[in-house]
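Report on the structure given below.
The values are calculated or read from the model by the stated rules, or taken from the named source; none is laboratory data. Predicted model only: the values in this text are computed from it and were never measured. Positions of Cβ are generated from backbone atoms using ideal geometry, with glycine treated the same way; all protein chains shown enter the neighbour counts. Just the protein is used for accessible areas: all its heavy atoms, side chains included, with ligands, DNA and RNA removed. Shrake-Rupley method; radii C 1.70, N 1.55, O 1.52, S 1.80 Å.
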Amino acid sequence: MTQLDDEEIRRRRSRSIAIALILGALVVLFYIVTMVRMSGGIAERAL
Amino acid sequence: MGKSSVDTSLSPASLGGATRGDALDFVALMKPRVMSLVVFTAFVGLVLAPGPLHPVLAVAALVTIAAGAGASGALNMWYDADIDALMTRTARRPIPAGRIARGDALGFGATVAAGSVVALGILVDWLAAGLLAFTIGFYLFVYTMWLKRRTPQNIVIGGAAGALPPVVGWAAASGTLGVEPLILFLIVFLWTPSHFWALALYRAGDYMRAGVPMLPVVAGKDETRRQILIYSLALVAVSLAPQWAGLAGIVYSVFAGLLGAGYLFAAGRVFARREGEAADQAARALFRYSIVYLFGIFLALLADQGLGLSSLVPRGGMWGA
């Protein structure tokens with residue numbers, strides 16, 4: 001197993017955090033789009 | 001001129017070693033400056049298209065189109081790492097600089113490409129997703145792998161990939177295609193040759209060293225200047241078509257005419273100044289202006305539509321009923 005120095009560990013951590021943030025953002029995006037599609041334009045309908 | 005004929009001088013890390021870069025290196029791999037222009041033109045396509053699109057879906061469309069554009073950039077850098085290492089302009093990119101391993105760039109690009117297409121299809125529209133897939137495939141297989149190292153027409157034909165994002169945006173918003181997005185396509189398509197040939201005029205040594213047959217390398221600088229002028233004339237003519245198609249009004253046309261006059265002036269100066277530093281300066285000026293021009297044209301389309309200026313002239317254009 002290759003030994004990583006501190007700088008390499010920092011960079012790998014930054015990559016891991018970026019992946020986590022992107023995956024989280026995708027979950028939120030899919031959730032919101034699903035809500036929008038399921039609402040079927042309820043917000044725009046007249047009362 | 002095959003890929004095997006190009007000498008490489010890549011660092012060991014980029015050939016087979018581990019990726020050592022951080023997240024920002026992966027951002028650089030996606031060519032963020034190109035992405036920003038892609039997102040902007042796609043956004044204008046979204047806004048100009050008929051039919052309302054929910055803001056959340058518009059954001060989803062733009063995010064996935066941006067991801068697709070970034071994936072194209074990453075896949076381009078994966079394939080072109082050998083020649084990128086030989087050119088001053090591209091030698092500091094993440095792969096030739098040894099910050100990202102070539103295989104990782106391929107995996108990253110392929111994953112993001114597939115994800116962006118599927119996400120655009122599921123979230124917004126499958127016609128738009130199909131067009132995005134075609135755009136990525138055209139950029140990678142037709143431009144990068146086939147044309148770039150073989151013909152001076154590389155960026156003319158390959159320019160179709162860069163011209164498609166406003167069409168993708170249009171399809172995402174309306175679910176249809178028509179003559180209007182074709183005009184948006186043609187504006188970017190006809191803009192591309194003069195933009196890249198201006199760059200190639202003052203970077204000819206780079207391209208020659210890397211074995212890329214750009215027009216100045218193959219046909220000479222004078223022929224390149226002539227072609228730049230021809231494409232610039234065609235570009236300015238097509239840039240006036242949106243009013244005819246009912247996409248914009250007179251306000252847009254006035255702006256487009258002024259921006260076009262500037263473009264022809266810059267292209268004319270490139271044509272006239274053929275020697276020494278003045279020639280390079282003219283080419284640099286056209287390259288810089290071409291970016292401002294394309295941004296300005298699409299901004300004018302956006303402003304014309306967004307501010308309702310189109311309503312000041314009859315729908316269907318100034319020759320319309």
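Across the stretch B:1-177, C-alpha contacts under 8 Å between residues 6 or more apart give a mean separation that, scaled by the residue count, equals a relative contact order of 34 percent.
Each Lys and Arg Cβ is given +1 and each Asp and Glu Cβ -1; about its Cα centre, the stretch B:1-177 then shows a dipole of about 360 debye. Between the C-alpha center of the stretch B:199-244 and that of the stretch B:76-108 there is a gap of 25 Å. In the frame of its principal axes, the stretch B:125-233 has Cα extents of 44, 30, 16 Å, reported largest first. Sequentially through the stretch B:220-230, phi angles give Karplus couplings (6.51, -1.76, 1.60; θ = phi - 60°) of x, 6, 5, 5, 4, 4, 5, 5, 4, 5, 4 Hz, Gly and Pro residues having no value and appearing as x. Phi-derived couplings, Karplus 6.51 cos²θ - 1.76 cosθ + 1.60 at θ = phi - 60°, listed residue by residue for the stretch B:174-184: 10, x, 9, 10, x, 6, 4, x, 5, 5, 4 Hz, with x used for Gly and Pro. Taking only the C-alpha atoms of the protein assembly as shown, Rg followed by Dmax gives 22.0, 75 Å. Taken along its principal axes, the alpha carbon cloud of chain B reaches lengths of 65, 52, 28 Å, longest axis first.
For a paramagnetic label modelled at 7 Å from the Cα of residue B:218 toward its Cβ, which residues of the stretch B:144-169 fall within the zone defined by backbone nitrogen distances under 11 Å? Residues B:147-157 fall inside that zone. Note on the stretch B:178-321: along the principal axes its Cα atoms extend 54, 28, 22 Å, ordered by decreasing extent. Its DSSP H runs of at least 4 residues, each contributing -39,500 (n - 2.57), put the calculated 222 nm mean residue ellipticity of the protein assembly as shown at -23000 deg cm²/dmol, to the nearest 500. The alpha carbon radius of gyration of the stretch B:1-177, expressed as a multiple of 2.2 N^0.38 Å, is 1.06. In order along the stretch B:94-110, phi translates into HN-Hα couplings of x, 6, x, 7, x, 8, 10, 6, 4, x, 5, 5, 5, x, 4, x, 5 Hz, rounded to whole numbers, per the Karplus curve 6.51 cos²θ - 1.76 cosθ + 1.60 with θ = phi - 60° and x for Gly and Pro. Farthest towards the positive end of the charge dipole of the stretch B:1-177, among the residues B:175, B:34, B:47, is the Cα of B:34, using unit charges on the Cβ of Lys, Arg, Asp and Glu.
Heavy-atom accessible surface of the protein assembly as shown, averaged per residue, reaches 47 Å², computed with a 1.4 Å probe. Using the Cβ-Cβ distance between residue A:13 and residue B:111 with R0 set to 22 Å, the FRET efficiency from 1/(1 + (r/R0)^6) comes to roughly 0.60. Computed over chain B, relative contact order equals 19 percent, with contacts defined as Cα pairs under 8 Å that lie 6+ residues apart.
Suppose the chain between residue B:280 and residue B:261 were pulled fully straight at 0.36 nm per residue; how much longer would it get relative to their current alpha carbon spacing? 4.7 nm is the gain from fully extending residue B:280 to residue B:261.
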